[in-house]
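The values are calculated or read from the model by the stated rules, or taken from the named source; none is laboratory data. Remember, predicted model here, so these are calculated numbers, not experimental data. Glycine also receives a Cβ, built like all others from the backbone with ideal geometry; neighbour counts cover every protein chain displayed. When the accessible area is computed, the model is the full protein with side chains, heavy atoms only, and any ligands, DNA or RNA have been set aside. Shrake-Rupley method; radii C 1.70, N 1.55, O 1.52, S 1.80 Å.
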2 protein chains.
Amino acid sequence: MQEFAVVLVDIFIIFAAAKLAGEVFERLRQPAVIGELLVGMAIGPHALGLIGQPNSALIDLFGDAHAAEEALDLTYEVLAELGVIVLLFFVGLETRISDLLRVGRRAATVGVLGIVFPFAFGFLLFELLGNPTVESLFVATAMVATSVGITARVLRDLGVIDSMESRIILGAAVVDDILAMLLLAVVSGLGEGQGISALEVGVIAAQAVGFVIFVALVGTRLSRHYSLHLARLRMPDAPFVVAMTVMLGLAAVAGYLGLAAIIGAFMAGLIFAESREHFDLEHQTMPVYQFLVPFFFVVTGSHVDLGTLNDAGTVALAAVVTVLAVAGKVIGAGLAAVGLPARSIAILGAGMVPRGEVGLIVASVGRSLGVIPADVFSVVVIMSIATTLVVPPVLTALYRGSRARPPYPTDLPLSTGATD
Amino acid sequence: MQEFAVVLVDIFIIFAAAKLAGEVFERLRQPAVIGELLVGMAIGPHALGLIGQPNSALIDLFGDAHAAEEALDLTYEVLAELGVIVLLFFVGLETRISDLLRVGRRAATVGVLGIVFPFAFGFLLFELLGNPTVESLFVATAMVATSVGITARVLRDLGVIDSMESRIILGAAVVDDILAMLLLAVVSGLGEGQGISALEVGVIAAQAVGFVIFVALVGTRLSRHYSLHLARLRMPDAPFVVAMTVMLGLAAVAGYLGLAAIIGAFMAGLIFAESREHFDLEHQTMPVYQFLVPFFFVVTGSHVDLGTLNDAGTVALAAVVTVLAVAGKVIGAGLAAVGLPARSIAILGAGMVPRGEVGLIVASVGRSLGVIPADVFSVVVIMSIATTLVVPPVLTALYRGSRARPPYPTDLPLSTGATD
């Protein structure tokens, strides 16, 4: 009980701060997600330190303060991960697979070119600076993968998740994640000094692509045929419970295959998109969304450590890497989106920019293998955070510029009565 | 990402197993909670070991397997704690404070006598066996506190949460928890060898009683006056979000004061009980309930270690302690409930029996202070688990005996359409 006291206080602080900041930003006519990220920065261990400090009962349990901190961290990361899983499930629920397939070719091109350019830019920069090739490969890989959670949340906050640009971004994110996962497998093999055979890469690729195609084709078909039978189950709220089970299951399988768990959650949402109206799944998922999603954005914000900005050389390198990371995505998306209006190209480019946790994971693997030194690790961390923080206001401005009125209020209301 | 893979698989297993077991038990016309407890036993570390096994990435993060296991454990315990918090919030939401006050005197008597008898029985047994007095005091204290989560869930599953007996049990649980917390403070002080002054006990008591009375009186008044203003907030689903914030906040304060967090969550539910219909809070809380509550029961079940039953002396002592723990509550409730029908007395007695995690906490404190030896700790663990597992079928039988038909289906349906 005493171990939990500190955790419950932290959870209350995270939740209350997120909702308060969201309210303030809604009143400023900005997406709530910006407020949640900023408040996470403020209360995190690198600023006010209001959360993540173990109490003595917890330190006793783990034997030392560091392990207790890591354990608290794991707990909050898991809540955050559940939050972003629910977010992407919800986005999937709002996406028709037929709409996604209609933009499929375009989305695939955005995904592929959005990998090629940042990778090439990062690799060339570090080769020109004379770094070891393995290090260049790791940094380049850390620059490729889009973390689509941030973009998806902003697009939902803005009420444009069903736009053509949103669908292209979501489809591109799936392609992007598969390619980034393959790249990480290849460079990890090189970093371990043992290499990786073309056969191994082929197997990994086949698993990932097979998973996505199998879920998209067979899952939707199963859902269409059997979802009406869910009413025969005795458990209360059976369709919602089954949808949550599939969401957690596909997230776990995606994670197990080395993909981002949110890709599995998004696919789960797609599967249930056709039966969502019949079973009212959106209204039932929304409270879980309201409860869990803020943890992802506050915890993401809490990782920001402005203290890493104390060395001029690191800051300069980080600035160059960040600019290249942004330019790579914008150029890649721009080439892939030739023929679309300029604003759509800008939205696609901006939407693919956030690297979030994916860049951090690649950098962590490189650090644990000893091929990425501490200052380069800081550079990747700064790039990941900067690309994440810059996108919400840019996307908001891009959409606002094209509309007579801001589209607030935006979230799906749970009840049609008093909340409106 | 790789650290999360194992956690997500575990979370999927817990959720899917809980819902599957719940479905099976609903078809057997038994409360789903029994299935959840049993499936937790089956998949837990003491049986199949399907959950809680860290993978290599997690072990690397924590340096050794034991710390990684503890961290996983903390994460699942926190999900379980959030589950039981949501459960008691929901029960509070279904309880009118005026109904609770109407049975207030009876509830207080049940709470007090339900502490006195088990404490006396436990103390006398261990004194007669010749154990040190401090040890006797700890065991006696571990025998007093009711863990009302199990009972509340069974009563909800049976659809009788609004019965007179349920209200008495809920009110008695609040009184019981305050007294148990005071007892723990006193015996902990004695166990630390420094004692505790009457003034200190008075301060702790005043804080706890003050918290409950303040929340009950001022909270409900604030809620009545200001809840209609919640619609002025810009955030989506403001009443639900504010209710969740108050739930987490009061749970944290209760934990901070040494009370069970669920007492705070229950009070939060009471506060919003009057405005629940206006804001549709039950329908909005239900999906969060469906998502989180199973974690509490599966994790509780996973603590059961039948391996402790290998020593005949320990088993015999555990059996005696368990019988005294049950008899103490039944006699206490019986005396307090004189004048009520025999069935009501039996329900009150049975409803107060589960010790759940509260007995374990007292025993853990005693073990960490070195005043409870390993075999006596096992005895308390067995008593806690046995009293928890025995109650759901007994309560079900007591309610079934008095009704022409079983009251299934019982949970509040989320949608009025396809799930019925």
Item checked: Reachable aspartates and glutamates from residue B:329, criterion Cα separation under 18 angstrom, eight or more residues apart if same chain -> B:165, B:176, B:177, B:357
Notebook entry, point to check: Can you name the helices of chain A, as whole DSSP H runs, whose Cα span along the helix axis is 20 Å or more and whose Kyte-Doolittle mean is not below -1.0?
Noted result: A:2-27, A:65-93, A:104-128, A:164-191, A:198-214, A:238-256, A:281-302, A:312-336, A:374-400
Next item on the list: Any chance you could check the Cα centroid distance between the stretch A:154-224 and the stretch A:1-70 for me, in angstrom?
Entry: 32 Å
Notebook entry, point to check: With charges only on Cβ, +1 for K and R and -1 for D and E, what is the dipole size of the stretch B:40-124 about its Cα centre, in debye, rounded to 20?
Noted result: 860 debye
Next item on the list: Take the Cα radius of gyration of the stretch B:303-372 and divide it by 2.2 N^0.38 Å, with N its residue count; two decimals is plenty.
Entry: 1.38
Next item on the list: State whether chain B is rounded, prolate or oblate according to the following rule on the C-alpha gyration tensor (a ≥ b ≥ c being the square roots of its eigenvalues): a/c under 1.5 gives rounded; otherwise a/b larger than b/c gives prolate, and the remaining case gives oblate.
Entry: rounded
Check: For the stretch A:22-91, which whole-number percentage of the solvent-accessible area (1.4 Å probe, protein heavy atoms only) is attributable to carbon and sulfur atoms?
Finding: 57 percent
Check: Hey, rough spin-label estimate for residue A:200 and residue A:327, points 7 angstrom out along Cα→Cβ, what's it come to in nanometres?
Finding: 3.4 nm
Check: GNM on chain A, C-alpha springs below 10 Å: top fluctuator among A:34, A:13, A:115?
Finding: A:13
Next item on the list: Using R₀ = 35 Å, calculate the FRET efficiency as 1/(1 + (r/R₀)^6) where r is the Cβ-Cβ separation of residue B:20 and residue B:309; round to 0.05.
Entry: 0.80
Margin query: When a/c reaches 1.5 or more, the comparison of a/b and b/c decides; with that in mind, is the stretch A:82-149 rounded, prolate or oblate per its Cα gyration tensor?
Written below: oblate
Check: residue B:228 label points, 7 Å along Cα→Cβ, one per copy: pairwise distances from this copy to the rest in nm, shortest first?
Finding: 4.6
Next item on the list: Of the options B:206, A:208, B:246, report the single residue whose Cα projects farthest towards the positive end of the charge dipole of the protein assembly as shown (beta-carbon charges: Lys, Arg +1; Asp, Glu -1).
Entry: B:246
Check: To the nearest 10 square angstrom, what accessible area does residue B:267 show with a 1.4 Å probe?
Finding: 10 Å²
Checklist line | Cα centroid separation, the stretch A:265-338 to the stretch A:229-261 (Å) | finding: 23 Å
Check: So what's the stretch A:18-165 giving for Cα Rg divided by 2.2 N^0.38 Å, two decimals?
Finding: 1.38
Next item on the list: Could you pull the copy-to-copy label distances for residue A:59, with points set 7 Å along Cα to Cβ, in nm to one decimal and sorted shortest first?
Entry: 2.9
Item checked: Accessible surface of the stretch B:114-207, 1.4 Å probe, proportion on carbon and sulfur as whole % -> 69 percent
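Rounded, prolate or oblate: pick one for the stretch B:202-276, where a ≥ b ≥ c are the square roots of the eigenvalues of its C-alpha gyration tensor, a/c under 1.5 means rounded, and failing that, prolate if a/b is larger than b/c, else oblate.
Taking the square roots of the gyration eigenvalues as a ≥ b ≥ c, the stretch B:202-276 is prolate.
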Note to self: Counting just the Cα atoms, what span does the protein assembly as shown cover along each of its three principal axes? Round to the nearest Å and put the largest first.
What the structure shows: 84, 52, 47
Margin query: Run the helix sum for chain B: -39,500 (n - 2.57) per DSSP H stretch of 4+ residues, divided by residue count, reported at 222 nm to the nearest 500 deg cm²/dmol.
Written below: -24500 deg cm²/dmol
Next item on the list: Counting residues in the stretch A:135-197 as N, plug N into 2.2 N^0.38 Å and put the Cα Rg over that result.
Entry: 1.44
Next item on the list: Provide a whole-number value for the mean count of partner chain Cβ atoms within 10 Å of the Cβ atoms in peptide A:279-287.
Entry: 6
Next item on the list: Using the Cα centre as the reference, give the magnitude of the dipole from point charges on the C-beta atoms of the protein assembly as shown (Lys, Arg: +1; Asp, Glu: -1; all else neutral), rounded to the nearest 20 debye.
Entry: 2780 debye
Check: Taking springs between alpha-carbon atoms closer than 10 angstrom, which of A:152, A:238, A:251 fluctuates most in the Gaussian network model of chain A?
Finding: A:238
Notebook entry, point to check: Along the charge dipole of the protein assembly as shown, Cβ charges K/R +1 and D/E -1, which of A:223, B:387, B:335 sits furthest on the positive end?
Noted result: A:223
Next item on the list: Pop the C-beta distance of residue B:217 and residue A:274 into the FRET formula with R0 = 51 Å and round what comes out to the nearest 0.05.
Entry: 0.50
